[in-house]
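The values are calculated or read from the model by the stated rules, or taken from the named source; none is laboratory data. What you are looking at is a predicted structure, and each value in this text was computed from that prediction instead of being measured. Cβ atoms come from the backbone with ideal geometry, glycine included; neighbour counts cover every protein chain shown. Areas reflect the complete protein model, heavy atoms only, side chains present, ligands, DNA and RNA absent. Shrake-Rupley method; radii C 1.70, N 1.55, O 1.52, S 1.80 Å.
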Amino acid sequence: MDRMTHNKASRPPIIALYQPDIPQNTASIIRTCSCFGLKVEIIEPCGFSLEDKRFKRVVMDYYNKKMIKNYMSWSSFINFKTKRNQRVLLLTTKSRKSFLKFKFKSGDTLLFGRESAGVPEILHRTIKDKIKIPMSKKARSLNIAMSVAIVSAEAIRQNNLFNQ
């Protein structure tokens, strides 16, 4: 079986979850990130315990504490990113810019809001780069785990991060 390995010249994207509130979605995102070799950052408060049986049922043996970083608040997260000059991209249905027309950079942080409420308006005003996944006008939104998979795969592709 072929294994995918990271290209050393570029850094993979980081997936950041703003106050996630559905354990099964977070578990599915962790599985996807584990398969792609991506780090996951959780901005607290998280709406469930990582000991939740719904979380454990979906994450199975893909959960690895080394791939997860927790931030106690939005301010601690954004201060960390700012000090390290790391770009944060907000995925939102409120953007006009398609992720397909966006140029991802090495090490970008892809920020996804709460399943139930997205992110607060102050975050929309704070974050410069906002992108969306284009979809049917009749649809409200995609499942967050699907969105993470779609956008992270494009960021990986654009940055030639995996070799087979």
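For S76, the conditions (1) open to solvent by 40 Å² or more (accessible area, probe 1.4 Å); (2) modelled with pLDDT under 95 are fulfilled apart from (2).
Here M146 meets each of (1) open to solvent by less than 80 Å² (accessible area, probe 1.4 Å); (2) under 20 Å from I30 (Cα atoms); (3) at pLDDT 95 or above with one exception, condition (1).
S10 - would you say it is closer than 16 Å to G107 by Cα and hydroxyl-bearing (S, T, Y)? It is true that S10 is closer than 16 Å to G107 by Cα and hydroxyl-bearing (S, T, Y).
Within the range 120-142, identify whether any single residue is part of a loop (DSSP other than H, G, I, E, B) and touching a residue at least 60 places away in the same chain (Cβ under 8 Å), and answer yes or no. No - not one qualifying residue is present in the range 120-142.
Residues in the range 4-57 that are of a type outside the set (D, E) and under 22 Å from F162 (Cβ atoms): how many?
The total comes to 26.
Of S34, S28, S75, all but one fail to be part of a helix (DSSP H, G or I), over 22 Å from S141 (Cβ atoms) and under 14 Å from the mean Cα position of the chain (by Cα); the exception is S34. Candidates E51, E154, E115: the one that is open to solvent by 70 Å² or more (accessible area, probe 1.4 Å) and either modelled with pLDDT of 90 or more or under 19 Å from R31 (Cβ atoms) (or both) is E51. M60 meets the conditions (1) part of a loop (DSSP other than H, G, I, E, B); (2) surrounded by fewer than 15 Cβ atoms within 10 Å (Cβ to Cβ) in every case but one. The failed one is (1).
Do we have L89 as open to solvent by less than 40 Å² (accessible area, probe 1.4 Å), outside any loop (DSSP other than H, G, I, E, B), in contact with an Asp or Glu (Cβ under 6 Å, 6 or more places away or on another chain) and closer than 29 Å to P134 by Cβ here?
For L89, the condition - open to solvent by less than 40 Å² (accessible area, probe 1.4 Å), outside any loop (DSSP other than H, G, I, E, B), in contact with an Asp or Glu (Cβ under 6 Å, 6 or more places away or on another chain) and closer than 29 Å to P134 by Cβ - is met.
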